[in-house]
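Down below is the structure, laid out as structure tokens.
A short reminder: the numbers here are calculations on the coordinates, not readings from a lab. Being a predicted model, the structure only gives us computed values, none of them experimental. Every residue, glycine among them, receives a Cβ derived from its backbone with ideal geometry; neighbour counts consider all protein chains shown.
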Amino acid sequence: MAGKAQTDRIRRRLRSGTVVLGGMGALAAALTSCGSEPDRRCVDPKSYDSTLGYRVLSASQCSSTKGTTTTGRWYYGSGSSGRYVKDGSFSKSAAVERGGFGSGHGSGHGSGHGSSGG
């Protein structure tokens, strides 16, 4: 019977190690996903739709070179991808403040509609 008790003890120790390692992995993933740089997309600031949000443009339409004008503006912290984005801000600092643990995407506060800044 001593063999069975020893086997059970080894199994229990392995399960405990798995729980600790799994918890550490989840913590590491959570911490690395909460960087200080918010997600940013180039959008058409005149394209706001209350259901869809702002229409996404190519990044080149937000990057100005000497002597050219741009049609887009950077929109921060929307956390979504696709042709339209919303629930972000045109202010990078406001998007960083909204970040934090779990990043609060989709929380519904801090909408960027009508905000200005750069």
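A few remarks follow.
- Burial order of peptide ranges 85-95, 43-53 (average beta-carbon count within 10 Å, highest first): 85-95, 43-53
- Distance between the modelled labels on Ser80 and Ala59, one decimal in nanometres: 2.2 nm (7 Å Cα→Cβ projection).
- Were the residues from Thr70 through Arg9 laid out at 0.36 nm apart, the gain over their Cα-Cα distance would be 15.3 nm.
- Contour excess over end-to-end distance, with Cα ends at Asp49 and Ser93 and 0.36 nm allotted per residue: 13.5 nm
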